[in-house]
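Some notes on the structure that comes next.
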Amino acid sequence: MGRNTVTATHADKPADKSFSRVLRLVALILAAVVLTVVLGVVVLAPVITCANAQIVPDTAMPDEYMENWMKYISDDALITDIAIPGSHDSGCIDMNYLAQTQDLTFAEQLKRGVRYFDIRVNKTADGLRIYHGPVNGVSYLSVLEDIADFVKTHPDEFLILDMSHFKNGSEPEVFALLEEYVGTEHFLINDYENPRQAVDTMTLGEVRGKCLILIDRDETNFAGKNYLFERTNDPEKYKNAVLTSLYEKKYNRRTASYFVENVIPFYIESFKSTEEGLFVLQAQLTDATLVFGPRYSESRLVDKMNAFVYGLYASENVGNVNIIMRDFVDCEKSALTLRLNLAKGTVKPEFTEEFQAMVGKYIHAEAYTA
């Protein structure tokens, strides 16, 4: 009996040692994880902070030309030929740094010439909010107030409202409020047999004072309004889509140099095969790490992308560029895009010199011609 007891006691010892080794291994792993996180914070925080400090809210004051720039574009210019400044995740201001893509309100962006807006709305317990991923931002109503005020006081301008993403069934309220605040009299009506061809032949004179309202069939099944047009990332699949916005996450996650030198030209070349409708050039990077955030990405991209847009003026591709969408829009980014209208010949001849002076005031040409 005693031998059995002793044998059992000895049999338990290896198991105890094994369990202790597991505990030590777990403790070492946890310590390594904690140390990695601490080192990451120590190393990355200054890098992110320094880079983020390079992208600050625009302090330049837009003038009358920029706020009303479409007034100086010919009535017979096709809307698909006009170079139009756009903003990505347009209402994502006052957010966590991982989600924020803009510093300026819609009203401030409109004054800086932005005419294409990427609008994403979530239905929350606090009402309809602009969102980016899991983060909610400003009230959708504040966005509508800015749009409504601008449309009603700027009859020569034309807006493109890309309602590209919805969350929690927000669609019915989104469009009901859009009608209430802005008014359907300011909407283009989609009564065309072939909407893409129709938009492809629309002139600015035909759409002044109007809004083109877009939805994406891959993002919503909502289709109850006669003023809704389709946008897409796949023009071959959706033949009636009037706007093509090419985006591949794996491409927009590349380095700034690779993106500007390879991805942007690829997007332009890809759209040439469609050759109909409006085209959005998505000129923003996506943070692949989910650590650095859009402002950091833009700090790496802004100079290279600005130089690319500046170079488009004398490029054979200038005729294939339509809407250029940017993060953290400012006067210079808008002016670089607007300048392309001089190369395209869409500016009224009698305003060419004034238009040239307007865009030149905001562009740091020496940075792109060195």
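Here segment 255-370 is described by how far its Cα atoms reach on the three principal axes: 50, 34, 23 Å, from widest to narrowest.
Taking the inverse of the mean reciprocal distance over all distinct Cα pairs, the Kirkwood hydrodynamic radius of segment 170-312 comes to 17.2 Å. Taking all protein chains into account, the per residue accessible area for the chain stands at 46 Å² (1.4 Å probe).
Using 0.36 nm times the number of residues separating residue 262 and residue 60, minus their current alpha carbon distance, what extension gain do you get?
69.6 nm
Computed from the C-alpha gyration tensor, the three semi-axes of the ellipsoid equivalent to the chain are 49, 25, 19 Å, from longest to shortest.
Can you tell me what share of the DSSP beta bridges in the chain is antiparallel? A percent to the nearest 5 is fine. Given both bridge residues lie in the chain, the antiparallel proportion sits at roughly 20 percent. A Förster radius of 45 Å combined with the Cβ-Cβ distance from residue 185 to residue 219 puts the calculated FRET efficiency at roughly 0.95.
Stretch residue 365-residue 236 to full length: gain in nm at 0.36 nm per residue minus the Cα-Cα span?
Values: separation 129, 0.36 × 129 = 46.44 nm, distance 3.86 nm.
Extending this stretch completely gives an extra 42.6 nm.
When the chain is treated as a Gaussian network with alpha carbon springs shorter than 10 Å, the biggest mean-square fluctuation among 81, 118, 234 belongs to 234.
Quick one: check the C-alpha center-to-center distance for segment 257-280 versus segment 47-105, whole angstrom. That distance is 20 Å.
Roughly how tilted is helix 140-153, in degrees to the nearest 10 and between 0 and 90, from the longest Cα axis of the chain? That helix lies at roughly 10 degrees to the long axis. Using a simple spin-label model with points 7 Å from Cα along the Cα→Cβ vector, what separation in nm is obtained for residue 354 and residue 28? Each label point lies 7 Å from its Cα, and together they span 7.6 nm. What the phi angles of segment 122-131 give under the Karplus curve with 6.51, -1.76 and 1.60, with θ = phi - 60°, is a coupling list of 10, 8, 10, 5, 9, x, 7, 10, 5, 9 Hz, glycine and proline written as x.
When the charge dipole of the chain is built from unit charges on Cβ atoms (+1 for Lys and Arg, -1 for Asp and Glu) and taken about the Cα centre, the candidate among 252, 292, 30 whose Cα reaches farthest toward its positive end is 30.
Carbon-plus-sulfur accessible fraction, segment 233-370 (probe radius 1.4 Å, protein heavy atoms only): 49%. Principal-axis analysis of the Cα atoms of the chain puts helix 331-344 at an angle of about 50° to the longest axis. With respect to the chain, whose longest principal axis is taken over its alpha-carbon atoms, helix 171-182 is tilted by about 40°. Taking each DSSP H run with n ≥ 4 as -39500 (n - 2.57) and averaging over every residue of the chain yields -13500 deg cm²/dmol at 222 nm.
Measuring between their Cα centroids, segment 161-184 and segment 186-233 lie 14 Å from each other. Simple spin-label estimate for residue 318 and residue 176 gives 4.9 nm between the two label positions (7 Å along the Cα-to-Cβ direction from each Cα).
The values are calculated or read from the model by the stated rules, or taken from the named source; none is laboratory data. Note that the structure is a prediction, hence the values are computed from the model and not measured. Every residue, glycine as well, gets a Cβ built from its backbone with ideal geometry; the counts of neighbours run over all protein chains shown. Surface areas here come from the heavy atoms of the whole protein model, side chains and all, with no ligands, DNA or RNA. Shrake-Rupley method; radii C 1.70, N 1.55, O 1.52, S 1.80 Å.
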